[in-house]
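Okay, structure first, notes after.
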Amino acid sequence: METSFNEAWNGMIKKLEGWLNDFIGYLPNFILAILVFVVSYIVAKYVRKVVSRLLKRSSMQTSMVNLIGKLTAVAIIFLGLFLILGILDLSKTLNAILAGAGVAGLAVGLALQGALANTYSGIVLSYIKHIKYGDWISVKDFEGEVVNIDLRAVTLKQADNNLVYIPNKQVIENAIKNYSTTSQSRVILECGVAYNSNLKEVRQVVLKALMSNFQELENQDDIIFLYTEFNSSSIDFEVRFRIDSTSALEVANAKTEALISIKDAFDENGITIPFPIRTLDISEKTIDTLVKKTS
């Protein structure tokens, strides 16, 4: 029994000594592998900054510049990992990893179809010049300023400062309205006046009110005034003009100022904006019946 115990003990000691010798033998490789990883990480950060700085001088969008910078850094880190596997003499492990990566990639691709679609859409959006940082756009019933475009979503900052994250796939697949493609935005205002109004006078009052409140309007030709229809209680008109802003909030403020100026001008000139009125025609027999019931 004692002999067996001594043999087992000696075997364990030899095993530990072998592991210690292997560790000491591989210690320089471990130190070198750590140095390679640190250097790869530092080089990746430096190259990313350099690439981003160079690409920003071109006409490329900021989102695309950030994407290329990130991909460059990831490529350098992966190159460093491959060097580390070679230093640690894990070439067989590397082959096994590459073989397993193919199978795992297929499984992951099937499981992450939505995420991959958003990633691909994010790359496409980075190339599109019609959508860039600072643009005011409308997509999927959401409207706001583009503050970020990444590989997952487009971030919009709405007029109330709330952030909306729209998946890239939905942005690509749906219609996009970009208010920032021009330096101006159109304000559209609808109203109605009473049937006894002088329509020529109404037109002049509206044009004068708008020109006195908006510096962008140099003459009456900058304003489109159209009578649209004979409504049930009013004659309706529509007025359109442009302001020097692409912000939806500024458009809303301009519409508010236009409403105030037109209402004040109508009050000064005795022009009425009617509200719906319903007339009830009751026969005398019905009136007599109601009087008898109440008396």
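One table, with the values for the structure above:
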| quantity | calculated |
| --- | --- |
| Accessible area in the full protein assembly, largest first, 1.4 Å probe, for Glu250, Glu284, Glu143 | Glu284, Glu250, Glu143 |
| Semi-axis lengths (Å, descending) of the ellipsoid that matches the C-alpha gyration tensor of the range 178-295 | 41, 16, 12 |
| Gain upon complete extension [Ser283, Gln184; 0.36 nm per residue less C-alpha separation] | 29.9 nm |
| Greater than 32 Å apart at Cα, pairs in Lys132/Lys263; Lys49/Lys140; Lys70/Lys157; Lys56/Lys169; Lys157/Lys200; Lys56/Lys140 | Lys132/Lys263; Lys49/Lys140; Lys157/Lys200 |
| Order of exposure, largest accessible area first, which applies to Ser212, Ser232 with probe 1.4 Å | Ser232, Ser212 |
| FRET E, pair Lys157, Asn196, Förster distance 41 Å, beta-carbon r, rounded to 0.05 | 0.30 |
| Length added when fully stretched, Val74-Thr272, from 0.36 nm per residue minus Cα-Cα | 64.4 nm |
| Accessible area (Å², per residue) of the range 226-295, counting only protein heavy atoms and a probe of 1.4 Å | 75 |
| Over the range 140-259, relative contact order from alpha-carbon pairs under 8 Å, at least 6 apart, % | 26 |
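The values are calculated or read from the model by the stated rules, or taken from the named source; none is laboratory data. What you are looking at is a predicted structure, and each value in this text was computed from that prediction instead of being measured. No Cβ is skipped: glycine too gets one built from the backbone with ideal geometry, and neighbour counts run over all protein chains shown. To get the accessible areas, we keep the full protein, side chains included, count just its heavy atoms, and leave off ligands, DNA and RNA. Shrake-Rupley method; radii C 1.70, N 1.55, O 1.52, S 1.80 Å.
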